[in-house]
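Beneath this line is the structure, given in structure tokens, with notes to follow.
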Amino acid sequence: MATRGRRPSGFVSLLLLLAGVLLFWLTVPNLGNAARAATADGPRGTFTAARLVCVGHSGHTTCEWSGTFRSDDGAVETGGVKLYGSGRGTFEAGQTAPAVDVGNAGRVYDPSGSRAWIVTVLLVVLAYVLLVTAARRHLAPPPAPSGGRSPATAPPRR
């Protein structure tokens, strides 16, 4: 993507490459969990709310309920998990709700699925775009010089 015959900046290309690799490294391992969360693929069971956990950042507070998950068949019982998407007014301590364990450590999901996959997919696409941009900057042939034809491509004279 060099313009006007200039050579692409190595520093900018390095930044694009590093950002793309970092995003891939962070997001690709989560694609499976994101897909399972979107489709609620995992053992179904019951989430029992124990306590409300709130985190404040940048003038905004986010809350989720923490508790235990027990699968319907009793094979899976996990404590200290959070129900994704549960907010301050969702439960009272001791209340239960249906949930699905998709394999995401420390988190269970509503049986209707989750939209958390959207952010993961967008970040994977962004990583791909960054890597393709870095590759095109250095692997694409340089642009043809402007202002006329080269002698090799000029038509023969008569």
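The values are calculated or read from the model by the stated rules, or taken from the named source; none is laboratory data. Here the structure is a predicted model, which means the values were calculated and not measured. Every residue, glycine as well, gets a Cβ built from its backbone with ideal geometry; the counts of neighbours run over all protein chains shown.
For VAL81, the stated conditions do not hold, so it cannot be described as assigned by TED's automatic domain parsing to the domain that holds ALA34, among the hydrophobic types (A, V, I, L, M, F, W, C) and either out of contact with any Gly (no Cβ under 8 Å at 6 or more places or on another chain) or farther than 30 Å from LEU18 by Cβ (or both).
THR120 meets the conditions (1) at pLDDT 85 or above; (2) not in a helix (DSSP H, G or I) in every case but one. The failed one is (2). Residues in the range 69-101 that are over 25 Å from ALA35 (Cβ atoms) and surrounded by 18 or more Cβ atoms within 10 Å (Cβ to Cβ): PHE91 alone. With respect to (1) closer than 30 Å to VAL21 by Cα; (2) of a type in the set (Ser, Thr, Tyr); (3) surrounded by fewer than 18 Cβ atoms within 10 Å (Cβ to Cβ); (4) in contact with a strand residue (DSSP E or B) (Cβ under 6 Å, 6 or more places away or on another chain), the lone exception for TYR128 is condition (4). The one condition from (1) more than 30 Å from VAL100 (Cα to Cα); (2) surrounded by fewer than 16 Cβ atoms within 10 Å (Cβ to Cβ); (3) modelled with pLDDT of 85 or more that ARG7 does not meet is (3). Determine whether ALA127 is aliphatic (A, V, I, L, M), modelled with pLDDT under 90 and either touching a helix residue (DSSP H, G or I) at 6+ places or on another chain (Cβ under 9 Å) or not in a strand (DSSP E or B) (or both). Here the answer is no, as ALA127 does not meet what is asked.
Restricting the search to strands (runs of 3 or more DSSP E) fully inside the range 44-94 and requiring at least 2 residues that are of a type in the set (Lys, Arg) gives 44-57.
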